[in-house]
Each structure stands twice: as structure tokens, then as C-alpha cells.
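Below: the structure, in C-alpha cells.
The values are calculated or read from the model by the stated rules, or taken from the named source; none is laboratory data. None of the values given here were measured: they were computed from a predicted structure. Glycine also receives a Cβ, built like all others from the backbone with ideal geometry; neighbour counts cover every protein chain displayed. Only protein heavy atoms, including side chains, enter the accessible area calculation; ligands, DNA and RNA are left aside. Shrake-Rupley method; radii C 1.70, N 1.55, O 1.52, S 1.80 Å.
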Amino acid sequence: MLVLGIESSCDETAAAVVDHTGLVLSDVVHSQVNLHAQYGGIIPELASRDHLRNIEPVVSEALARASTTIHQLDGIAVTQRPGLVGALLVGVQAAKGLAWGSGKRLVGVDHLVGHLLAAYLQRSELRVETPQFPYVCLLASGGHTGLYRLESSKPEDIVELGATRDDAAGEAFDKVGKLLDLGYPGGPTIDRLAKAGNPSRYSFTVPMQAKDSLEFSFSGIKTQVASHVERHGKPTSAADLADLCAAFQRTVVTSLTRKLFAAAAREGVSDVVIGGGVAANRELRETVLAQAQKRGVRAFVPDIASCTDNAAMIAYVGLTALERGESSGWDLAATSRTALARATRKGRGMR
Ligand SMILES: Nc1ncnc2c1ncn2[C@@H]1O[C@H](COP(=O)(O)OP(=O)(O)OP(=O)(O)O)[C@@H](O)[C@H]1O
Ligand SMILES: [Mg+2]
């Protein structure tokens with residue numbers, strides 16, 4: 001089986017071709033980061049217009065790099081939710097047009113399921129080991145942060161165990177980056193600067209430490225950094241900036257990893273997985289691998305290209321649906337919210 005994936009939920013226009021083994025034959029990502037950087041965040045209208053400009057060339061390049069044509073595909077998968085509706089619509093309409101014109105099956109995919117299954121992607125002929133269901137996945141991205149139990153790849157078999165009550169982990173990285181004049185997005189820059197820093201020089205409180213809670217909160221950490229800056233001013237030397245980044249990053253990583261392993265123990269699973277843009281973070285990746293080894297569980301840390309937004313993960317989710325005989329109708333619509341059942345209410349805690 002060969003599936004084309006299309007992704008346009010936020011600020012990346014992406015297309016990829018993936019085969020039934022999860023092998024990524026092509027993976028094209030056009031990032032709009034420079035377009036939005038001057039505003040310090042994503043401007044939805046600009047995002048939609050840029051997707052419109054880029055969708056056709058990105059799809060054509062993905063097919064060319066995979067040395068295939070639309071006629072050789074078994075289906076076309078597209079991110080249908082969650083995200084900016086105007087941005088999602090560009091991908092959904094493009095996918096419908098391509099599927100209609102070529103007589104291929106169309107599959108609408110939940111972007112979050114893409115992040116949760118990204119560990120199944122194979123990016124070289126040297127195959128990597130993949131997780132076994134059931135597993136617990138920590139999804140930490142720009143718009144979402146939560147823990148999920150996956151019984152299978154079916155969306156109905158995915159249960160949110162707990163999520164953030166306020167900001168997503170990536171949002172905290174981006175807001176702290178803005179506070180420290182590091183540009184947008186803050187995550188990759190903080191990751192790079194933290195490498196040279198001393199995480200113990202400043203101490204921030206790890207939020208939501210109550211043992212039985214699998215919920216997160218990241219708005220408080222951002223406030224702690226803001227109060228630090230109010231009291232001491234913005235860091236003036238490279239060393240001070242590195243130490244502040246390292247302390248902030250250590251606090252976020254500690255919160256994420258403690259809850260991940262608490263969830264794995266509570267759920268009695270032996271495999272844990274991470275996904276989403278924040279899963280590209282060097283310290284998070286290293287900490288999850290080290291802690292897993294200590295605790296005797298298997299950790300799966302996808303390639304960085306599989307963590308940040310990409311269409312290969314969308315194609316893969318589409319494949320699993322097509323293999324079950326499922327596909328979408330022509331009434332497939334773009335929707336801002338995920339279809340996954342939620343356990344945590346934003347601002348209020350567990351349902
Ligand atoms: N190395 C890194 N360290 C920390 N954060 C990172 C790193 N690389 C990327 N990020 C963060 O990941 C986020 C982007 O992730 P992703 O592209 O998955 O989010 P999104 O698609 O915008 O949101 P969602 O998937 O929830 O819809 C940004 O907040 C960015 O700062
Ligand atoms: Mg994403």
C-alpha cells in the first residue's frame with residue numbers, strides 16, 4: 001500500500017508518501033516560520049494564504065521524491081482536525097480534489113493521532129523497533145500536552161489519561177522565548193542555549209506534583225520566569241541566559257517525564273512513547289531514555305523529523321484506517337477540535 005499524506009493544520013504545509021510498512025518514501029515540509037516570526041506567533045489569515053500558495057508545489061515534490069504518481073497511490077490522507085480551520089481547509093480541499101480526480105480513497109486524520117503513532121515511521125532501510133500496544137504516549141506540542149493510552153491505532157481505542165489544564169509545553173517554551181527576546185518559536189533556541197547552562201543555578205517549582213494526578217500545568221512556570229525577569233532584569237550575559245534556559249527546561253522536562261512514568265506504572269504498560277514538537281527536545285529525549293532504562297520499560301523516541309509537524313505521520317494514520325477498510329466521504333469537513341475523548345477540562349481539571 002502507498003498513501004499520500006497532506007498536512008496544513010497550522011504553520012507547516014507538508015506532504016509525504018509512506019508505504020504499508022511505515023517506510024517514508026518522501027517527506028516535504030514547507031515551514032512558514034519566517035512569515036510569522038515578526039509577529040511573535042501565528043497569524044491565521046497569513047497561514048491560510050501561504051498554504052494556498054504552497055500546497056500544489058509541496059504535493060508535487062512529495063510525489064516526485066517518492067518516484068510515484070497519484071495513480072499509483074492507494075489513498076490520500078489529510079489532516080482534518082484539530083487546528084486553524086482556514087489552514088486545515090486548504091489541505092482538506094486539495095486532498096478532496098486529488099482523490100476525486102484520480103478515483104482514490106480519501107481519509108480524514110486527527111493530527112494528534114499522527115503525533116501518537118509517529119514512532120511507527122521508518123526513515124531508513126535500517127528498520128527501527130516499534131512499540132507494542134498497549135502503550136502510553138506523552139504528546140507534547142505547541143497546542144497540546146497530555147498523556148494517552150493506546151490500545152490500538154484506532155482513534156476509539158485511544159484514551160486521554162490527563163492533559164494540561166492551561167498552556168501546552170511548547171506554548172510555555174514559546175512564551176518564555178518571547179520573554180527572553182529569543183524569537184519565535186522559542187523551543188529550539190532554548191534547547192540549544194540550555195546545553196551550555198547550569199540547570200541548578202535557579203530553581204523553579206515543578207507544577208502539579210500531586211502523585212495521583214496525570215494533569216499538567218505550564219502557565220505557572222512561564223510566570224515564574226517572568227517574575228525572575230522582573231526581579232533581576234533580563235539576563236545580560238550569555239552565561240546568565242544559558243542558566244535561565246537550562247533551569248526552565250529542566251523544570252518542564254521533570255514535569256513531563258515524572259508524569260509519563262507515573263502513567264506507565266498506573267496503566268501497567270511496558271512501552272512508553274513520546275511525540276509532538278517538544279519531543280524534539282534534546283534533554284527530554286535523553287531523560288526519557290535514561291529513566292526508561294532504570295525502570296525496565298522500553299522507550300520509543302521518534303526521529304526529530306517525525307516529532308515536529310510532518311505529513312508522514314498523517315499518511316501513516318491514513319494507512320492504518322485504509323487497512324481496516326475505513327475511509328471518509330466527500331462531506332469530510334475541517335474542524336478545530338480533536339475527536340479524541342478528553343479527560344481534562346482546560347482551566348478546570350479532570351472531568
Ligand atoms: N527542541 C525543542 N525543544 C523544545 N520545544 C521544541 C523544540 N522543537 C520544537 N519545539 C516546540 O514544539 C512546538 C511545535 O510543535 P508542533 O509542530 O508539533 O506543534 P503544533 O502542530 O503547532 O501543535 P499541535 O500539534 O498541538 O497542533 C513549538 O511550541 C516549538 O517551540
Ligand atoms: Mg503538531
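Listed conditions (1) of a type in the set (Gly, Ala, Ser); (2) closer than 25 Å to residue 163 by Cβ; (3) open to solvent by 20 Å² or more (accessible area, probe 1.4 Å) are all met by residue 238, apart from (2).
Take the residues in segment 293-313 that are outside any loop (DSSP other than H, G, I, E, B) and free of Cβ contacts under 8 Å to residues at least 60 places away in the same chain, then tell me which one is surrounded by the fewest Cβ atoms within 10 Å (Cβ to Cβ). The extreme case among them is 294. The single condition among (1) away from ligand 1 (no atom under 12 Å from the Cβ); (2) surrounded by 22 or more Cβ atoms within 10 Å (Cβ to Cβ); (3) assigned to a helix (DSSP H, G or I) that residue 284 does not satisfy is (1). When residue 344 is tested against (1) of a type outside the set (A, V, I, L, M, F, W, C); (2) more than 16 Å from ligand 2 (Cβ to nearest atom); (3) modelled with pLDDT of 95 or more, only condition (3) is not met. Filtered by the rule that a residue be part of a loop (DSSP other than H, G, I, E, B) and closer than 17 Å to residue 150 by Cα, segment 314-349 gives 324, 338, 339, 340, 341, 342, 343. For residue 269, the conditions (1) assigned to a helix (DSSP H, G or I); (2) surrounded by fewer than 22 Cβ atoms within 10 Å (Cβ to Cβ) all hold with the exception of (1). Report yes if residue 93 is touching a Gly at 6+ places or on another chain (Cβ under 6 Å) and more than 15 Å from ligand 2 (Cβ to nearest atom), otherwise no. No; evaluated as a whole, the condition is false for this residue. The number of residues in segment 1-29 that are within 15 Å of ligand 2 (Cβ to nearest atom) and either surrounded by fewer than 18 Cβ atoms within 10 Å (Cβ to Cβ) or farther than 16 Å from residue 83 by Cβ (or both) comes to 2.
Can you spot a residue in segment 311-334 that is more than 20 Å from residue 18 (Cα to Cα), within 16 Å of ligand 2 (Cβ to nearest atom) and not assigned by TED's automatic domain parsing to the domain that holds residue 171? Yes, that holds for at least one residue. Pairs are defined by a Cβ separation below 7 Å, a sequence spacing of at least 6 or placement on different chains, a first member in segment 268-287 that is within 16 Å of ligand 2 (Cβ to nearest atom), and a second member that is part of a loop (DSSP other than H, G, I, E, B) and among the aromatic types (Phe, Trp, Tyr); no pair meets this definition. When residues in segment 26-47 are screened for being within 20 Å of the chain's Cα centre (by Cα) and more than 22 Å from residue 323 (Cα to Cα), 15 of them pass. Scanning segment 61-88 for residues that are open to solvent by less than 20 Å² (accessible area, probe 1.4 Å), touching a helix residue (DSSP H, G or I) at 6+ places or on another chain (Cβ under 7 Å) and not in a helix (DSSP H, G or I) returns 75, 76, 77, 78, 79, 82. Of all residues in segment 103-137, those satisfying the criterion of being open to solvent by less than 10 Å² (accessible area, probe 1.4 Å) and within 10 Å of the chain's Cα centre (by Cα) are 112, 113, 114, 115, 116, 118.
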